[in-house]
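The values are calculated or read from the model by the stated rules, or taken from the named source; none is laboratory data. Bear in mind the structure is a predicted one, so any value in this text is a computation, not a measurement. In this analysis, Cβ positions are derived from the backbone assuming ideal geometry, glycine residues included, and neighbour counts consider all displayed protein chains. All accessible areas refer to the heavy atoms of the entire protein, side chains included, with ligands and DNA or RNA removed. Shrake-Rupley method; radii C 1.70, N 1.55, O 1.52, S 1.80 Å.
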Amino acid sequence: MNSLNEINKIMQKIKNVNPLVHCLTNYVTVNDVANSLLSIGTSPIMADSIDEVEEIVSISKALYINIGTLNSPVLKSMEVAQNLAVSKNIPVILDAVGAGASSLRNKSTISILERSVDIVHGNYSEIAYIASSVSNTKGVDASSLDESLDIISMAKKVAKKYNCICVATGEKDIITDSETTYVVKNGCREMGNITGTGCMLTGLIAASAAVEEDFLLASTYATALMAISGERAFENYRGLGSFHVNIFNELSTIDEYIFEGAIKIEKL
Amino acid sequence: MNSLNEINKIMQKIKNVNPLVHCLTNYVTVNDVANSLLSIGTSPIMADSIDEVEEIVSISKALYINIGTLNSPVLKSMEVAQNLAVSKNIPVILDAVGAGASSLRNKSTISILERSVDIVHGNYSEIAYIASSVSNTKGVDASSLDESLDIISMAKKVAKKYNCICVATGEKDIITDSETTYVVKNGCREMGNITGTGCMLTGLIAASAAVEEDFLLASTYATALMAISGERAFENYRGLGSFHVNIFNELSTIDEYIFEGAIKIEKL
Amino acid sequence: MNSLNEINKIMQKIKNVNPLVHCLTNYVTVNDVANSLLSIGTSPIMADSIDEVEEIVSISKALYINIGTLNSPVLKSMEVAQNLAVSKNIPVILDAVGAGASSLRNKSTISILERSVDIVHGNYSEIAYIASSVSNTKGVDASSLDESLDIISMAKKVAKKYNCICVATGEKDIITDSETTYVVKNGCREMGNITGTGCMLTGLIAASAAVEEDFLLASTYATALMAISGERAFENYRGLGSFHVNIFNELSTIDEYIFEGAIKIEKL
């Protein structure tokens, strides 16, 4: 677990570098994504017009793609931005929101993965869909997912197939490059009751990948950071409104000591 | 008031069923709509691309249409989604945001109503516009609205004309199927100073209609739930920011006993 | 400083008039812009479809244009709305978000300015870009900006060139009509860590310009109001989440006495 000794340094690296993260994201949670990036010392820029994505991605340190609300112009912008990012070695991070729920999302997810991404994040159901599409084209029916699914092997399959880091979030969070796997056991179930905690996590992953070229480490750091912030925000729970606000309080005030004291992680 | 004995059961039904609600809504308040749906145990999905609305509405238990920010592609998606929902007997709930303010909103409102909706919600001014358009095509000038307008008879007229439930919110909230009318007297004026409380209410109505086929009852329940959450959130008022947050705290923590103790309702 | 005696009256004027402000703005911070306008007694309306902008701007008291997230349909709507506003003498207020970051934003900023605006707001970097484009077409590289740049002379240059009020926000906030300049020394650095505080300020400026035809005074009032609300919200700081919420608490509860006691302003 050598590299885990390095994990704690990512927090400070982000603050030092203040990387620009280009976000092509949905209109539901975009404000929370921007504020979560700002809260840890990143500069987010939301720009999805085909007329500027190339310029914006060129000055950015990471490209964040989120398919939460798709439409044709934005899909085209994603393609153009991603192709340029890949050619310029700018890390590409995908949040596969709703993969499995419609053909549009399924096709878009696979197209984006096939163009090459560095890190893909989804919840168990979304990662299971992608994993299933590796072996067949039908995809899984979300209703067939149950506790017994082997999410770790699915995440590994996705990571191997697309040569990327795969982050699968749920009861436990799985981060794998197909060979090394970390399991983060922080967080709390109630985070799923606020829209955008997944999108925010993917933003934090992008911010970390912008400053740490070991993407497995970067993804693990960000996943732990979000989970720890969530579980700390849940203390003295008064309802989803305050909980939501507290997540930003925690993200913006956490330090290395708190992080190190709180992280519950296992290497497989 | 037999059916009112049933009203309290809707809260638990929503939590048991965890219905998927398909939202075609504006980009101003979409985050609050999603979080309000999550706060009561519903799964919202925001998807407005013409390339996926049919698939998404097919797996949903209710279709929520909100015209707060319109554009041509979204109007087309609304039409396609609504036609499919009607043919599949999936309840359609309309928030007529800004009806009366522009020809685009007026025409869209009437088109959507004529395609058939199960429940329409608007504030007094919006419902007055729709009611006036029933008898003439000029619409009312919002400036001509005053305290003396008979909002109850307007709401009944809308409900009768479009064979739906009409919810008119304002100083008191009116819910009618044109024959039976409920008046909810909870809530507080300051809710109008936060954008999206109306949109959120319509979301709660959609969630209720997803599990309760008596749409008059479902609408009354949701209206009371939003009003009670608002008035409880207003206690110890410190400003609109905390008030806004508290509404989500109340929505996510209210139980049947609090609801039953707080509801102020009259059947006409 | 005669006019400053009048500044405090704008707060009440807005509450009395309750002006409608038409906002063509980005989807990142639109909810906060709407809530900030509501918090001071304005009625915001977000409407960017080409099919309704003319009707909406015609009934509005100010037109707010924000280029935070551009696309072709919205740019066209902005042009149509702005041309009508100019011809009808409705004040036009521009937030030049990201000017300098892409050709699209640069061209859009200059086009909007050349069509005539009453007030332009940007951060130091954005105003510096506009100022540089006055004398040459290359624009500045944001990285070449440093503490020593003379932001006041740049703001004056912009105001003179485009015959408008220029508001440049940063460590100190500059408001100038090219001849008279106010410097507002309220506010706190952390406001920059919440997305949308700049967009909100521009909203407050639009609200003030809707009721006060001395646009230099209106802009100065709004800038001081936002800065004072921010610094008061920062007291008992617990993190960016609560800070964000507190800004709305302050905006919605501040009164003339608090404002007058807090304002730190210098006339140059």
Next on the checklist: Return the residues of segment B:40-68 that are open to solvent by less than 10 Å² (accessible area, probe 1.4 Å), at the interface with chain A (Cβ under 10 Å from one of its Cβ atoms) and within 30 Å of B:Asn249 (Cα to Cα); say none if nothing qualifies.
Outcome noted: B:Ala47, B:Ile56
Item to check | Of all residues making up segment A:231-247, the number that are closer than 15 Å to A:Leu201 by Cα, open to solvent by 40 Å² or more (accessible area, probe 1.4 Å) and within 11 Å of another protein chain (Cβ to nearest Cβ) | outcome: 0
Next on the checklist: For segment B:69-99, give me the residue count where each residue is touching a residue at least 60 places away in the same chain (Cβ under 8 Å), assigned to a strand (DSSP E or B) and either over 17 Å from B:Met200 (Cβ atoms) or open to solvent by 10 Å² or more (accessible area, probe 1.4 Å) (or both).
Outcome noted: 0
Next on the checklist: I'd like the full set of residues that are within 15 Å of C:Ile14 (Cβ to Cβ) and assigned to a helix (DSSP H, G or I), limited to segment C:240-264.
Outcome noted: C:Leu251, C:Ser252, C:Thr253, C:Glu256, C:Phe259
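Residues to consider are B:Leu104, B:Leu63, B:Leu37; find the one that is over 17 Å from A:Tyr27 (Cα atoms), in contact with a Pro (Cβ under 8 Å, 6 or more places away or on another chain) and hydrophobic (A, V, I, L, M, F, W, C). Walk me through it before giving the result.
Working: B:Leu104 fails: in contact with a Pro (Cβ under 8 Å, 6 or more places away or on another chain); B:Leu37 fails: over 17 Å from A:Tyr27 (Cα atoms).
Answer to the selection: B:Leu63.
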Checklist entry - Failed condition for B:Glu6, given (1) in contact (Cβ under 8 Å) with a residue 40 or more places away in the chain; (2) at the interface with another protein chain (Cβ under 10 Å from one of its Cβ atoms), with all others met? => result (2)
Next on the checklist: Condition first: open to solvent by less than 10 Å² (accessible area, probe 1.4 Å) and not aliphatic (A, V, I, L, M). Now tell me which residues in segment B:250-268 satisfy that.
Outcome noted: B:Phe259
Next on the checklist: Can you name every one of the helices (runs of 4 or more DSSP H) wholly within segment C:4-60 that holds 1 or more residues which are farther than 20 Å from C:Ala218 by Cα and in contact with a strand residue (DSSP E or B) (Cβ under 7 Å, 6 or more places away or on another chain)?
Outcome noted: C:30-39, C:53-58
Next on the checklist: For a quick check of your reading of the model, give me the residue pairs whose first member lies in segment C:37-59 and is within 25 Å of C:Ile247 (Cα to Cα), whose second is of a type in the set (Phe, Trp, Tyr) and part of a helix (DSSP H, G or I), with beta-carbon atoms closer than 7 Å and at least 6 apart or on different chains.
Outcome noted: C:Ser39/C:Phe248
Next on the checklist: Condition check: farther than 21 Å from A:Asp32 by Cβ, of a type outside the set (D, E, K, R) and either in contact with a Ser or Thr (Cβ under 9 Å, 6 or more places away or on another chain) or surrounded by fewer than 19 Cβ atoms within 10 Å (Cβ to Cβ) (or both). Does A:Leu216 satisfy that?
Outcome noted: yes
Next on the checklist: Considering only residues that are closer than 19 Å to B:Asp32 by Cβ, in contact (Cβ under 8 Å) with a residue 60 or more places away in the chain and hydrophobic (A, V, I, L, M, F, W, C), which ones fall in segment B:193-209?
Outcome noted: B:Cys199, B:Met200, B:Leu201, B:Leu204, B:Ile205, B:Ala206, B:Ala207
Next on the checklist: Looking at segment C:28-39 only, could you name the residues that are open to solvent by 10 Å² or more (accessible area, probe 1.4 Å) and of a type in the set (A, V, I, L, M)?
Outcome noted: C:Val28, C:Leu38
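Taking segment C:176-197, which residues are assigned to a strand (DSSP E or B) and farther than 14 Å from C:Lys160 by Cβ?
Taking segment C:176-197 and keeping what is assigned to a strand (DSSP E or B), we get C:176, C:181-184.
Within segment C:176-197, C:Tyr182, C:Val183, C:Val184 meet the criteria.
Answer yes or no as to whether C:Glu190 is open to solvent by 30 Å² or more (accessible area, probe 1.4 Å), within 14 Å of another protein chain (Cβ to nearest Cβ), of a type in the set (Asp, Glu) and free of Cβ contacts under 8 Å to residues at least 60 places away in the same chain.
Working: open to solvent by 30 Å² or more (accessible area, probe 1.4 Å): yes; within 14 Å of another protein chain (Cβ to nearest Cβ): yes; of a type in the set (Asp, Glu): yes; free of Cβ contacts under 8 Å to residues at least 60 places away in the same chain: yes.
In short, yes.
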Item to check | Qualifying residue in segment C:120-128 (condition: within 14 Å of chain B (Cβ to nearest Cβ), open to solvent by less than 40 Å² (accessible area, probe 1.4 Å) and over 14 Å from the mean Cα position of the chain (by Cα)) | outcome: no
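Quick one: in segment A:160-176, of everything that is closer than 20 Å to A:Ala227 by Cβ and more than 14 Å from the chain's Cα centre (by Cα), which residue is surrounded by the fewest Cβ atoms within 10 Å (Cβ to Cβ)?
Step one: list which residues in segment A:160-176 are closer than 20 Å to A:Ala227 by Cβ, which gives A:165-176.
Among the residues that remain, those that are also more than 14 Å from the chain's Cα centre (by Cα) are: A:171-172.
Numbers: A:Glu171: 11, A:Lys172: 17.
Selected residue: A:Glu171.
How many residues, within segment A:193-209, are more than 14 Å from chain B (Cβ to nearest Cβ) and either within 23 Å of A:Leu268 (Cβ to Cβ) or open to solvent by 20 Å² or more (accessible area, probe 1.4 Å) (or both)? Break it down into steps so the answer makes sense when it comes.
The first filter runs over segment A:193-209 and keeps only residues more than 14 Å from chain B (Cβ to nearest Cβ), leaving A:201-209.
Then drop every residue that is not either within 23 Å of A:Leu268 (Cβ to Cβ) or open to solvent by 20 Å² or more (accessible area, probe 1.4 Å) (or both), which leaves A:201-202, A:204-205, A:208-209.
Number satisfying all stated conditions: 6.
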